[in-house]
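**Q** Got a structure here, written out as structure tokens. Questions coming.
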Amino acid sequence: MGATPAIPIRTESSSTGSSTGSTTFGRLLAPLQVGGITLRNRMVMGSMHTGLEDRLWHHAKLAAYFEERARGGVAMMITGGFAMNLRAWLLPFSGMMTNWIHVLSHRRITRAARQHGAHILLQLLHSGRYGYHPLQVSASTVPSPITPFKPKALTTAQIRSTVRDYARSARLAQKAGYSGVEIMGSEGYLLNQFICPRTNQRTDEYGGSLENRMRFPLEIVRAVREACGPDFVICYRMSLIDLVPDGNTWDEIVAIAQALEKAGIDLLNTGIGWHEARVPTIATAVPRAAFRSLTGRIKSALRIPVMASNRINTPEVAEDILAQGQADLISMARPLLADPDFARKVAEGKPEAINTCIACNQGCLDLTFSNQRATCLVNPRAGYETEIVYKPVAPGAQKKVAVVGGGMAGLTAATVAADRGHEVTLFESASDIGGQFNLAAAVPGKEEFQETIRYYRHELARTGVTVKLNTPAGSDTLQGFDHVVVASGVKPRVPSVPGFGGAGQARHPKVVLYSELLSGAKTAGQRVAVIGSGGIGVDTCSYLLEEHHQPTAEWAAHWGVDLQVSDRGGLAPAQPRPQRRQVVMLQRNPNGKKMGAGPGKTTGWAHKILLKQLGVRMIAGAEYVAVDDAGLHIRAEGKDQCLDVDTVVLCAGQESVDELKSVAQALGLAESAVQVVGGAKLAGELDARRAIREGALAAASI
């Protein structure tokens with residue numbers, strides 16, 4: 001093992017409220033009786049679709065996924081959604097619980113959870129008009145804005161048949177060894193479509209009045225209870241605020257929850273919004289636990305336990321929610337994806353060791369909604385537990401490993417290799433670790449990224465990596481190592497435009513690199529042109545125009561969220577944001593990605609709305625001519641223009657810093673003993689998920 005690291009390991013709270021190790025978690029660790037089961041603590045891994053649910057031959061991988069989290073100490077887990085009939089599919093041939101073949105396959109999942117003392121619920125989900133298939137059905141024929149198919153309205157006979165399907169699937173789940181089921185009634189899926197006027201235009205006994213609109217889910221709950229008996233847990237998930245026009249009022253939400261309790265549910269899980277809502281609810285820019293007040297209000301109206309969810313990613317926040325009496329259980333789906341040992345670390349009094357979810361959505365939801373297997377940006381083993389395995393090094397097989405670069409790829413490679421037993425030295429030319437993540441963390445709404453840097457500080461100390469800061473690697477520093485991982489990252493790409501400073505040309509004083517701006521090395525004037533409309537361009541606009549650490553009330557006001565739900569759907573007129581600067585964003589390729597969307601599939605729309613709120617002007621298909629004292633000269637729509645700006649920020653992509661591969665090979669190391677990972681391997685749009693995964697795979701192979 002390596003020597004003590006040469007950098008200080010921070011354990012104090014960061015600006016985003018990171019773990020300190022000084023907080024006690026008595027409420028979070030207390031057991032709780034829910035229906036016929038006793039939970040060992042108050043931490044629940046909420047439902048998250050991984051892509052492993054849909055094929056029986058993937059269930060062994062799904063079992064390993066849940067087993068790792070059960071071993072990590074969580075009290076209860078909830079699967080991704082499973083359909084009870086064909087019309088319920090999210091996608092054609094998606095996961096179902098309808099016959100004994102499914103029961104037998106699921107038993108390996110429930111055994112994996114039970115053998116480590118955790119309970120597990122099967123989520124029953126009917127997609128309704130959110131299904132991506134022509135069989136989709138809903139309360140009425142109102143089409144969804146996020147799917148291409150128009151639904152058919154369920155007939156009365158089909159509704160009653162669907163009730164029986166729910167009960168049959170729940171009974172099969174019971175035979176498969178599940179402790180209960182979660183009936184998915186939130187986020188705009190079928191049952192939500194029935195209870196809301198937005199999508200329920202029926203005139204029969206299942207439409208019109210609230211009593212009629214909630215009849216369907218109540219019949220399902222009663223049928224499941226009758227089929228499965230008193231000890232089988234029934235959890236119902238419902239949206240406490242719809243965030244769409246013609247959603248429910250707060251009084252209706254309370255009435256529905258109380259009716260569900262009377263019908264026989266054991267636990268109410270809280271959802272927020274619909275998938276089609278134009279308000280972000282779980283992205284990193286959403287304040288932590290932004291919707292906790294709603295959970296507290298519904299809890300006061302019920303006798304059964306209530307579970308809080310959405311943007312709760314640290315034990316400190318979870319403990320405070322319990323302490324304030326706002327919930328009985330805490331649902332943390334993505335935090336348990338990021339760190340399967342979250343609960344164990346809390347129990348051991350080591351919250352500083354938690355690999356915190358940064359709510360980026362890039363490894364989980366972005367992939368899920370692209371029909372790919374979900375994983376986690378900060379934990380590449382998530383969803384790949386049987387494929388990415390960190391085996392301890394055999395005695396006598398330890399190697400001296402040099403890792404060049406203290407960004408995400410290098411930090412992952414160094415800590416994984418050291419944890420396996422290698423002697424690792426990390427070389428970083430800058431004065432601190434973190435690389436591009438330090439720049440990301442400077443962007444308002446991305447302060448959470450500091451949590452990942454905090455985690456790696458802890459891991460460097462725990463695994464004994466020797467860290468040498470302010471030390472560029474070269475032929476002299478790499479002498480004597482058996483293996484070299486080149487993770488030297490990227491540098492901003494500078495186009496060859498007069499005044500930009502590329503190709504040996506002089507850089508005009510108005511021009512700054514995004515890295516100089518976000519690091520604080522340089523500042524911008526009041527009128528700014530941002531060159532590039534990708535993720536870095538979007539972040540730069542946010543940095544120029546937004547404030548850090550928006551409190552929940554201010555965030556809600558800017559997005560038009562009424563947390564009192566005083567009107568239908570909980571929507572209110574969005575309050576304008578203050579205009580701190582005049583910013584224009586430019587894109588050279590008129591046929592490229594939509595301007596301002598950023599890299600995230602599930603958050604790109606929110607970025608575009610935000611830039612519009614901030615007053616960012618966008619120019620696509622711009623040809624950059626030059627920068628001089630007059631400003632930025634461009635040619636757009638066949639016309640020559642000069643933008644009178646004080647500052648031009650270059651966000652025009654990156655180039656790899658990969659010169660060290662040849663240096664390492666010149667030392668006589670075999671080709672297999674020199675690995676290039678992350679941005680040094682491939683620049684393009686910054687991709688931390690790929691960088692961390694490549695660092696992990698490189699370290700696992702040494």
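**Q** Would you mind stating whether Gly695 is open to solvent by less than 50 Å² (accessible area, probe 1.4 Å) and in contact with a helix residue (DSSP H, G or I) (Cβ under 6 Å, 6 or more places away or on another chain)?
**A** Yes: the conditions hold for Gly695.
**Q** Take Lys491 and tell me if it is assigned to a loop (DSSP other than H, G, I, E, B), in contact with a strand residue (DSSP E or B) (Cβ under 9 Å, 6 or more places away or on another chain) and among the charged types (D, E, K, R).
**A** Considered against the rule, which asks whether it is assigned to a loop (DSSP other than H, G, I, E, B), in contact with a strand residue (DSSP E or B) (Cβ under 9 Å, 6 or more places away or on another chain) and among the charged types (D, E, K, R), Lys491 comes out as no.
**Q** Among the residues of the stretch 562-577, is there at least one that is open to solvent by less than 20 Å² (accessible area, probe 1.4 Å) and among the hydrophobic types (A, V, I, L, M, F, W, C)?
**A** yes
**Q** Given the criterion hydrophobic (A, V, I, L, M, F, W, C), without any contact (Cβ under 8 Å) to a residue 12 or more places away in the chain and assigned to a helix (DSSP H, G or I), identify the matching residue among Ala223, Ala157.
**A** Ala157
**Q** Residues in the stretch 102-122: is at least one buried (at least 24 other Cβ atoms within 10 Å of the Cβ), in contact with a Leu (Cβ under 8 Å, 6 or more places away or on another chain) and more than 29 Å from Pro31 (Cα to Cα)?
**A** No: zero hits.
**Q** Could you please find all residues in the stretch 467-478 being open to solvent by less than 70 Å² (accessible area, probe 1.4 Å) and not β-branched (Val, Ile, Thr)?
**A** Scanning the stretch 467-478 gives Leu469, Ala473, Gly474, Ser475, Leu478.
**Q** Still on this model: Would you mind listing the helices (runs of 4 or more DSSP H) fully within the stretch 313-392 where at least 2 residues are aliphatic (A, V, I, L, M) and at pLDDT below 95?
**A** Result: 365-368.
**Q** Hey, another quick one. Could you please let me know if Thr24 is farther than 30 Å from Val465 by Cβ, modelled with pLDDT of 95 or more and surrounded by fewer than 18 Cβ atoms within 10 Å (Cβ to Cβ)?
**A** no
**Q** In this structure, is Gly363 surrounded by fewer than 18 Cβ atoms within 10 Å (Cβ to Cβ) and within 24 Å of Arg457 (Cα to Cα)?
**A** Taking the combined requirement at face value, the residue does not satisfy it.
**Q** Considering Gly445, Gly383, Gly396, Gly410, which residue is at positive phi and over 17 Å from the mean Cα position of the chain (by Cα)?
**A** Going through Gly445, Gly383, Gly396, Gly410 in turn, the sole match is Gly396.
**Q** With respect to the numbered conditions (1) assigned to a loop (DSSP other than H, G, I, E, B); (2) of a type outside the set (Ser, Thr, Tyr); (3) surrounded by fewer than 24 Cβ atoms within 10 Å (Cβ to Cβ), which one is the sole condition not fulfilled by Val74?
**A** (3)
**Q** Within the stretch 187-195, is even one residue within 34 Å of the chain's Cα centre (by Cα), assigned to a strand (DSSP E or B) and of a type in the set (D, E, K, R)?
**A** Checked the stretch 187-195: at least one residue is within 34 Å of the chain's Cα centre (by Cα), assigned to a strand (DSSP E or B) and of a type in the set (D, E, K, R).
**Q** Next question. Regarding the stretch 183-192, can at least one residue be identified that is buried (at least 19 other Cβ atoms within 10 Å of the Cβ) and within 13 Å of Cys228 (Cβ to Cβ)?
**A** yes
**Q** Mind checking whether some residue in the stretch 514-531 is among the aromatic types (Phe, Trp, Tyr), open to solvent by 50 Å² or more (accessible area, probe 1.4 Å) and in contact with a helix residue (DSSP H, G or I) (Cβ under 8 Å, 6 or more places away or on another chain)?
**A** No, because not a single residue in the stretch 514-531 is among the aromatic types (Phe, Trp, Tyr), open to solvent by 50 Å² or more (accessible area, probe 1.4 Å) and in contact with a helix residue (DSSP H, G or I) (Cβ under 8 Å, 6 or more places away or on another chain).
**Q** Right, next: Which of the residues belonging to the stretch 651-673 are in contact with a Lys or Arg (Cβ under 8 Å, 6 or more places away or on another chain) and buried (at least 21 other Cβ atoms within 10 Å of the Cβ)?
**A** Ala652, Gln654, listed by residue number.
**Q** Can you tell me how many residues within the stretch 677-687 are under 19 Å from Ile388 (Cβ atoms) and either open to solvent by 20 Å² or more (accessible area, probe 1.4 Å) or β-branched (Val, Ile, Thr) (or both)?
**A** Selection size over the stretch 677-687: 3.
**Q** So, Val443, is that one touching a residue at least 24 places away in the same chain (Cβ under 8 Å), within 29 Å of Cys360 (Cβ to Cβ) and not in a helix (DSSP H, G or I) or not?
**A** For Val443, the condition - touching a residue at least 24 places away in the same chain (Cβ under 8 Å), within 29 Å of Cys360 (Cβ to Cβ) and not in a helix (DSSP H, G or I) - is met.
**Q** Still on this model: Of all residues being hydrophobic (A, V, I, L, M, F, W, C) and modelled with pLDDT of 95 or more in the stretch 456-475, which is nearest to Glu428 (Cα to Cα)? Just the residue, please.
**A** Per the criteria, the residue is Leu469.
**Q** Also: I'd like to know if the stretch 451-466 contains one or more residues that are touching a strand residue (DSSP E or B) at 6+ places or on another chain (Cβ under 7 Å), crowded, with 24+ Cβ neighbours inside 10 Å and on the phi < 0 side of the Ramachandran plot.
**A** Among the residues of the stretch 451-466, at least one is touching a strand residue (DSSP E or B) at 6+ places or on another chain (Cβ under 7 Å), crowded, with 24+ Cβ neighbours inside 10 Å and on the phi < 0 side of the Ramachandran plot, which makes the answer yes.
**Q** Can you tell me which residues in the stretch 633-656 are hydrophobic (A, V, I, L, M, F, W, C), within 19 Å of Ser496 (Cβ to Cβ) and in a loop (DSSP other than H, G, I, E, B)?
**A** Cys651, Ala652
**Q** Okay, next question. So which residues in the stretch 657-672 are farther than 17 Å from Gly405 by Cβ and among the small types (Gly, Ala, Ser)?
**A** Hits for the stretch 657-672 are Ala666, Gly668, Ala670, Ser672.
**Q** I've got another one for you. State the number of residues belonging to the stretch 546-560 that are open to solvent by 10 Å² or more (accessible area, probe 1.4 Å) and in contact (Cβ under 8 Å) with a residue 24 or more places away in the chain.
**A** Here the count works out to 9.
**Q** Output the residues belonging to the stretch 242-279 that are under 30 Å from Val443 (Cβ atoms), in contact with a Gly (Cβ under 9 Å, 6 or more places away or on another chain) and part of a loop (DSSP other than H, G, I, E, B).
**A** Asp242, Leu243, Val244, Gly273, His275, Glu276, Ala277, Arg278, Val279
**Q** If you don't mind, another one. Write out, first by first residue and then by second, each pair whose Cβ atoms fall under 8 Å of each other, whose residues are 6+ apart or on separate chains, and whose first residue, in the stretch 504-531, is more than 15 Å from Pro492 (Cα to Cα) while the second is of a type in the set (Gly, Ala, Ser) and open to solvent by 50 Å² or more (accessible area, probe 1.4 Å).
**A** As it stands, the answer is Gln505/Ser496, since those pairs meet every condition given.
**Q** I'd like the residue in the stretch 77-101 that is more than 28 Å from Asp341 (Cα to Cα) and β-branched (Val, Ile, Thr) and, out of all such residues, is surrounded by the fewest Cβ atoms within 10 Å (Cβ to Cβ).
**A** Ile101
**Q** Moving to a separate point now. Of the residues that sit in the stretch 56-66 and are in contact (Cβ under 8 Å) with a residue 24 or more places away in the chain and either in contact with a Pro (Cβ under 9 Å, 6 or more places away or on another chain) or more than 28 Å from Val306 (Cα to Cα) (or both), which one is surrounded by the most Cβ atoms within 10 Å (Cβ to Cβ)?
**A** Tyr65
The values are calculated or read from the model by the stated rules, or taken from the named source; none is laboratory data. No experiment lies behind these values; they were computed from the predicted model shown. Glycine gets a Cβ as well: all are built from the backbone with ideal geometry, and neighbour counts include every protein chain shown. Note: areas computed on protein heavy atoms with side chains; ligands, DNA, RNA excluded. Shrake-Rupley method; radii C 1.70, N 1.55, O 1.52, S 1.80 Å.
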